[in-house]
Amino acid sequence: MLVFQRGKIKALALLVIVAMCAGLCGCGKAEPETPATALAAQIHPEHLANLAFSDQQRLFWDYYTYFVMEDDRFLYHTEELRNLPDFAPGEQPDWEQAGRFLLDFTSFWYDAEGYVCWNAADLQQAADILLPGYIVLPQDNGWILYHPAQDGQKAYYQAMGWDAVGGVYYRLNTPVTEKAGVYTACFTGYAVGEFWQEELDFAPAENNDAKLCQIALSRGIDPYNFDLAAELPAIIDAGELTPCEEITVTFRLSGDGDLPLSYTSCERTELATN
């Protein structure tokens with residue numbers, strides 16, 4: 001769970017298993033391959049026609065269960081599809097949705113009073129890659145307050161406060177298609193609670209959290225030691241969890257090493273969970 005109070009990070013207890021693609025790309029001083037670079041290397045016209053659906057599923061699964069949180073890099077691919085704003089091709093996303101989405105890919109800093117802030121220019125830089133043509137608005141929304149440039153301080157946004165609870169895991173459900181450099185990918189989302197391991201008392205299982213507990217126990221594994229990112233693909237493919245939504249996205253390849261996808265549309269449909 002990532003909790004932002006007005007100004008400060010209250011707690012960071014995001015329980016995510018980073019699914020990394022193994023090996024090094026190239027030789028010598030080459031950097032380790034990341035899910036982002038692996039995805040960009042495989043999902044393009046030259047490779048797409050020869051790439052098995054199961055390999056496409058693996059690439060996107062690795063990418064969307066990957067995150068980086070460092071001083072100069074802040075990339076929450078784990079939240080990428082969950083927070084991607086809905087918008088049609090050629091249209092501008094809603095500012096409140098787009099602003100929240102972009103925060104997950106923009107490094108933050110603290111002002112003199114300890115408030116969590118993001119430079120407006122950095123937010124626009126993320127938008128230029130992820131939502132081409134989108135102009136970050138110099139105004140507040142439901143997540144952040146806008147502060148214009150003054151007294152030598154560049155324009156920035158300040159956290160108002162929110163609580164991102166649990167997570168949604170997305171499984172590619174049909175092969176990716178491509179036409180004129182635009183790709184279409186369809187995913188099914190599965191919600192998992194932040195403290196799913198505490199659903200041990202549900203019998204029979206009544207939700208995904210309880211089902212995961214029972215699956216872990218049936219394998220003789222303590223739920224707290226259950227590797228979700230590694231185990232969920234097979235569990236999902238076996239139809240053992242209840243989906244919460246379907247999402248169809250279109251994108252181009254950005255050429256960026258951290259953010260390989262430039263989204264051109266997003267349409268999601270909520271599914272009944274009972």
Output yes when any residue across the range 235-252 is at negative phi and modelled with pLDDT under 90, and no when none is.
no
Scan (1) touching a residue at least 40 places away in the same chain (Cβ under 8 Å); (2) surrounded by fewer than 20 Cβ atoms within 10 Å (Cβ to Cβ) for the single condition Gln124 breaks and write down its number.
(1)
Read through the list (1) touching a helix residue (DSSP H, G or I) at 6+ places or on another chain (Cβ under 7 Å); (2) without any contact (Cβ under 8 Å) to a residue 40 or more places away in the chain; (3) within 24 Å of Leu84 (Cβ to Cβ), then give the number of the only condition that Cys213 fails.
(3)
The number of residues in the range 224-235 that are assigned to a helix (DSSP H, G or I) and either hydroxyl-bearing (Ser, Thr, Tyr) or closer than 23 Å to Ala38 by Cα (or both) is 8
Residue check, Thr65 surrounded by 21 or more Cβ atoms within 10 Å (Cβ to Cβ), of a type outside the set (Phe, Trp, Tyr) and more than 23 Å from Asn141 (Cα to Cα)
yes
Output the residues belonging to the range 60-89 that are over 14 Å from the mean Cα position of the chain (by Cα) and free of Cβ contacts under 8 Å to residues at least 60 places away in the same chain.
Glu70, Asp71, Asp72
Do we have Ala191 as modelled with pLDDT under 90 and not aromatic (Phe, Trp, Tyr) here?
no
What's the number of the only condition in (1) outside any helix (DSSP H, G or I); (2) touching a Cys at 6+ places or on another chain (Cβ under 8 Å); (3) crowded, with 16+ Cβ neighbours inside 10 Å that Gln197 fails to meet?
(1)
Filtering the range 144-158 down to residues that are touching a Leu at 6+ places or on another chain (Cβ under 7 Å) and of a type in the set (Phe, Trp, Tyr) yields Tyr157
Scanning for something more than 30 Å from Leu232 (Cβ to Cβ), among the aromatic types (Phe, Trp, Tyr) and touching a Cys at 6+ places or on another chain (Cβ under 8 Å), does the range 147-165 turn up at least one residue?
yes
When Gln150 is run through (1) assigned by TED's automatic domain parsing to the domain that holds Tyr66; (2) crowded, with 16+ Cβ neighbours inside 10 Å, the failure sits at (2)
Residues that are exposed (fewer than 12 other Cβ atoms within 10 Å of the Cβ), assigned to a helix (DSSP H, G or I) and not acidic (Asp, Glu): does the range 246-265 have at least one?
no
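The values are calculated or read from the model by the stated rules, or taken from the named source; none is laboratory data. None of these values were measured; they are calculated from a predicted model. So basically every Cβ, Gly included, is an ideal-geometry build from the backbone, and we count neighbours across all protein chains shown.
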